[in-house]
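Worksheet: the structure to be examined is printed underneath.
The values are calculated or read from the model by the stated rules, or taken from the named source; none is laboratory data. Remember, it's a predicted structure, so these values are computed and weren't measured experimentally. As a convention, Cβ positions derive from the backbone with ideal geometry for all residues, glycine included, and neighbour counts pool all protein chains shown.
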Amino acid sequence: MSKILEVKDLHFHYGEIHALKGISLDVEEGEVVTLIGANGAGKTTTLRALSGLLGRITSGEVWFMGERIDNQKSHVIAAKGLAQCLEGRHVFGNLTVRENLEMGAYLRKDAAAVKKDFDYVFDLFPRLLEREQQRAGTLSGGEQQMLAVGRALMQSPKILMMDEPSLGLAPLVIQDIFSTIKRINADGMPILLIEQNSNAALKVANRGYVIENGEIVLKDSAASLLTNEDVKKAYLGGQ
Amino acid sequence: MLLTLVIGALMLGGIYGLVGMGYGLIYKASGLMTLAQGDMLMIGAFLGLTFYKTLGLPFLVSLLLVMVIMFALGMFIERVLVTSLLAKGAQTVYVILCTIAISMLLQNGAMFAWGSNVMQFPSIFGVSSVNILGYEIMPERLLALGVGIVAMLALHFFMQKSKFGTSMRAAAQDELAASALGINVPLTKGAAWGIASMLAGSIGVVVGPIFGVYTAMGSLIGQKAFASAVVGGYGNMYGAIVGGIFFGFVETFVSAYVTSLYKDFISFAILIIVMIFMPTGLFKEQVME
């Protein structure tokens, strides 16, 4: 298997604060990889740094599909096929559902393939089709999360990075989101998933990394992490 | 008489409204404020005069050239001047100050290039008046009204229906999400400044024949356009049109029936009253923080 995304010794500072202290991780074709850790450990910072949303990184390398992409502009990185569903959904509330999805396909010129992806997204989330002309701000939290995922899929990415997709949603909706993640992955999409809901994340993932204070402290297969005593105690509610 | 007044009011309202839309567009897209819109109008008028009168180009060609140049000028101001200020961590108030400085530079620059006299913009149509329902109306006024309406509709469809316009709305609402989707957010901001300046400049070309062209012509129009934008709900493009038409009517009818000497006193007194009783303007507008 070849590596889609490889991060080598990534350091990042927020002003004086050393937020990421040498993150190394990789995602291979077809995989779901999860990054788990406490609030403030650096999960979101990692993803945003990879997408180029935080400006220049301090040091380290990010390789995507065999090309070095660190310190490129965010819209250039997105164009290469690195998509991210931001934490807190970030749908464009004043735009319609349809327009939100169109913005996902903003950089694409292949009209026929875009149309196919519209069909794919509406097949994945029939609710979005029902609400196509509605303003995104009027959707429920779960529907907004569906829209955020659908919008990222409209980019036709080579990898999908998801930041806390289950945050603030009802348990039943969370189940839906995780089965959607499984389905998207089964359709061939590599996924890098960040979750506070470590249990659920490890259950859909192939491999996992544990991040603490801006450092990776543990990496293993998801199955082993689920049974690891330290991980259980710190992140899985001690069961 | 009444029809003439109404057309005059609509024309004036369209002018204020269009220039005011520029304020709203810039505020919405970049969260910033410019005070140079009026002088953009003035530069547009001088450029139009140069192309049309001095170089003898057809009117439509002159207008299009002015639009292109004014777009580039607005984009330059945002991309080069405003961005370098923001990159240094300047606060909003410095950006506003920068636009005041630009306004002064434009006025004095125009005096250097074109002199300080009021210049007459030659008549665009062969006739001095057209007859509508028995009223004699200056055709340039109808042109200003027509250009205003076309520009509003064009901007509306551009913002609502085109992909780039939609991306500008998206970026104005959520910069982070727009960047993550591959939208070039700096470009959308620059384009907003460019469009605002293009609107003002093209209005300058069509009001030139009505008011004459001089270096200070933009300042009062700019202030009234700003007032229109505030009354309509700052950041709401359509509100600016309504605000503009409101001011157009107040000014025209106060001049006609009350006093033309103190029309600005009354207009701006109304502005203060509106601000006190409706602090969010006629149309409540949520703007990006």
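Here are some residues: B:L5, B:L10. Which one is in contact with a Ser or Thr (Cβ under 6 Å, 6 or more places away or on another chain), surrounded by fewer than 24 Cβ atoms within 10 Å (Cβ to Cβ), within 23 Å of B:M138 (Cβ to Cβ) and not polar (S, T, N, Q)? Walk me through how you get there before you give the answer.
On the way: B:L10 fails: in contact with a Ser or Thr (Cβ under 6 Å, 6 or more places away or on another chain).
So the residue among B:L5, B:L10 that is in contact with a Ser or Thr (Cβ under 6 Å, 6 or more places away or on another chain), surrounded by fewer than 24 Cβ atoms within 10 Å (Cβ to Cβ), within 23 Å of B:M138 (Cβ to Cβ) and not polar (S, T, N, Q) is B:L5.
Which residue is surrounded by the most Cβ atoms within 10 Å (Cβ to Cβ), if the candidates are limited to the range A:183-200 and must be assigned to a helix (DSSP H, G or I) and either free of Cβ contacts under 8 Å to residues at least 40 places away in the same chain or within 11 Å of the chain's Cα centre (by Cα) (or both)?
Let us first name the residues in the range A:183-200 that are assigned to a helix (DSSP H, G or I), namely A:183-186, A:198-200.
Adding the requirement that they be either free of Cβ contacts under 8 Å to residues at least 40 places away in the same chain or within 11 Å of the chain's Cα centre (by Cα) (or both) leaves A:186, A:199-200.
Numbers: A:A186: 10, A:N199: 14, A:A200: 19.
Out of the qualifying residues, it is A:A200.
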Scan the range B:159-178 and tell me whether some residue there is among the aliphatic types (A, V, I, L, M) and away from chain A (no Cβ under 14 Å). no
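Does B:S128 satisfy the condition of being within 30 Å of B:G8 (Cβ to Cβ), away from every other protein chain (no Cβ under 14 Å) and not in a helix (DSSP H, G or I)? Full working, then the answer.
Numbers: within 30 Å of B:G8 (Cβ to Cβ): yes; away from every other protein chain (no Cβ under 14 Å): yes; not in a helix (DSSP H, G or I): yes.
For B:S128, the condition - within 30 Å of B:G8 (Cβ to Cβ), away from every other protein chain (no Cβ under 14 Å) and not in a helix (DSSP H, G or I) - is met.
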Spot the failing condition for B:K53; the list is (1) exposed (fewer than 15 other Cβ atoms within 10 Å of the Cβ); (2) modelled with pLDDT of 90 or more; (3) of a type in the set (D, E, K, R), and only one is missed. (1)
Failed criterion for A:R135 (all others in (1) farther than 27 Å from A:I77 by Cα; (2) more than 14 Å from chain B (Cβ to nearest Cβ); (3) touching a residue at least 24 places away in the same chain (Cβ under 8 Å); (4) not hydrophobic (A, V, I, L, M, F, W, C) hold): (2)
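Which one of these is in contact with an Asp or Glu (Cβ under 9 Å, 6 or more places away or on another chain), assigned to a helix (DSSP H, G or I) and in contact (Cβ under 8 Å) with a residue 24 or more places away in the chain: A:L47, A:L35?
Working: A:L35 fails: assigned to a helix (DSSP H, G or I).
Only one candidate passes the filter, namely A:L47.
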Please find, within the range A:67-80, the residue that is surrounded by the fewest Cβ atoms within 10 Å (Cβ to Cβ) out of those that are out of contact with any helix residue (DSSP H, G or I) (no Cβ under 9 Å at 6 or more places or on another chain) and either within 13 Å of chain B (Cβ to nearest Cβ) or closer than 26 Å to B:A29 by Cα (or both). A:N71
Restricting to the range A:42-66, name every residue that is more than 14 Å from chain B (Cβ to nearest Cβ) and surrounded by fewer than 21 Cβ atoms within 10 Å (Cβ to Cβ). A:I57, A:T58, A:S59, A:G60, A:E61, A:W63, A:M65, A:G66
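May I ask you to verify whether B:L57 is more than 24 Å from B:R79 (Cβ to Cβ), of a type outside the set (S, T, N, Q) and not in a helix (DSSP H, G or I)?
Details: more than 24 Å from B:R79 (Cβ to Cβ): yes; of a type outside the set (S, T, N, Q): yes; not in a helix (DSSP H, G or I): yes.
When the stated conditions are applied, B:L57 passes them.
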When you scan the range A:165-181, do you find a residue that is part of a loop (DSSP other than H, G, I, E, B), out of contact with any helix residue (DSSP H, G or I) (no Cβ under 8 Å at 6 or more places or on another chain) and either touching a residue at least 24 places away in the same chain (Cβ under 8 Å) or within 11 Å of chain B (Cβ to nearest Cβ) (or both), even just one? yes
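Of the residues A:A148, A:A105, A:A83, which is buried (at least 20 other Cβ atoms within 10 Å of the Cβ), over 16 Å from the mean Cα position of the chain (by Cα) and not basic (K, R)?
Details: A:A148 fails: over 16 Å from the mean Cα position of the chain (by Cα); A:A83 fails: over 16 Å from the mean Cα position of the chain (by Cα).
Being buried (at least 20 other Cβ atoms within 10 Å of the Cβ), over 16 Å from the mean Cα position of the chain (by Cα) and not basic (K, R) holds for just one of A:A148, A:A105, A:A83, which is A:A105.
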For the range A:1-46, give me the residue count where each residue is under 14 Å from A:G66 (Cβ atoms) and not aliphatic (A, V, I, L, M). 7
Checked B:M75, B:M111 against criteria (under 18 Å from B:G190 (Cα atoms), in a helix (DSSP H, G or I), touching a residue at least 24 places away in the same chain (Cβ under 8 Å) and not small (G, A, S)); the one match is B:M75
Residues satisfying the stated conditions in the range B:156-168, i.e. surrounded by fewer than 21 Cβ atoms within 10 Å (Cβ to Cβ) and either part of a helix (DSSP H, G or I) or under 17 Å from the mean Cα position of the chain (by Cα) (or both): B:H156, B:F157, B:F158, B:M159, B:Q160, B:K161, B:K163, B:F164, B:G165
Note on the range A:1-32: residues without any contact (Cβ under 8 Å) to a residue 40 or more places away in the chain and β-branched (V, I, T) are A:I17
Among the residues of the range B:55-62, are any under 25 Å from B:Y234 (Cβ atoms) and either in contact with a Phe, Trp or Tyr (Cβ under 7 Å, 6 or more places away or on another chain) or hydrophobic (A, V, I, L, M, F, W, C) (or both)? no
Looking at the range A:92-103, can you tell me whether even one residue there is touching a Lys or Arg at 6+ places or on another chain (Cβ under 9 Å), hydroxyl-bearing (S, T, Y), in contact (Cβ under 8 Å) with a residue 40 or more places away in the chain and within 14 Å of another protein chain (Cβ to nearest Cβ)? yes
